[in-house]
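Presented below is the structure to which this report refers.
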Amino acid sequence: MNLNKAFVLGNLTRDPERRNLPSGQPVASFGVATNRFFTSQDGQKQQDVEFHNIVVFGKLAEIASQYLKKGSLVLIEGRLKTRSWQDNLGSRRSRTEIIAERLQLGPRTISSSIQGSSQESKLKDSGNENIPVIEEGSTLEEKTNKEKEDDPLQQEKEEEIDVKDIPF
């Protein structure tokens, strides 16, 4: 049994470049940078950056070219593919790429997703969801209950739902 699977979570190094194959199928390519932080043997904190070439086809290519921009956070799941060719000077060249099978967009920023002050204020009010931080020794349920007690909007949302309103 063989497995060729790659997962990459990082930031785009450039805007997606969209083209169409002769068959008409859309294809987009872009770069993703991933960081790794570590402590060297002499105790110094170090950062290592790795650059990945990503290729997406079909509907994913349309989504990537529409929603992803340089600096966007993205999670890519795909497979490794190395292609080889001969350049104009006759040299043999090769490039390893990740052919994306799935992608998950990172959080949207207000400045890049909304262009209008009225819509921007709505997004600030409605999109203010915090990712829960789970501290060692506490459970997710305890943390969620505490956040509900502290958040009057969350209490309001829970009170609005009525079983009679559910259509099934």
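Quick look at the numbers
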| read-out | value |
| --- | --- |
| Subset of the stretch 22-60 (residues that are of a type outside the set (D, E, K, R) and surrounded by fewer than 10 Cβ atoms within 10 Å (Cβ to Cβ)) | 22, 23, 24, 37, 38, 39, 40, 41, 43, 44, 47 |
| Which listed residue, of 39, 96, 82, is touching a residue at least 40 places away in the same chain (Cβ under 8 Å) and at negative phi | 96 |
| Residues satisfying the stated conditions in the stretch 1-52, i.e. under 16 Å from residue 97 (Cβ atoms) and among the aliphatic types (A, V, I, L, M) | 6, 8, 12, 21, 27, 28, 32, 33 |
| Positions within the stretch 49-93 being of a type in the set (D, E, K, R) and either over 23 Å from residue 3 (Cα atoms) or in contact with a Ser or Thr (Cβ under 9 Å, 6 or more places away or on another chain) (or both), in sequence order | 50, 59, 62, 69, 70, 81, 83, 87, 92, 93 |
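Any read-out appearing in this document is the output of simple, stated calculations on the displayed coordinates, not a laboratory observation. As the structure is a computational prediction, the values presented were derived from the model and not from experiment. In this analysis, Cβ positions are derived from the backbone assuming ideal geometry, glycine residues included, and neighbour counts consider all displayed protein chains.
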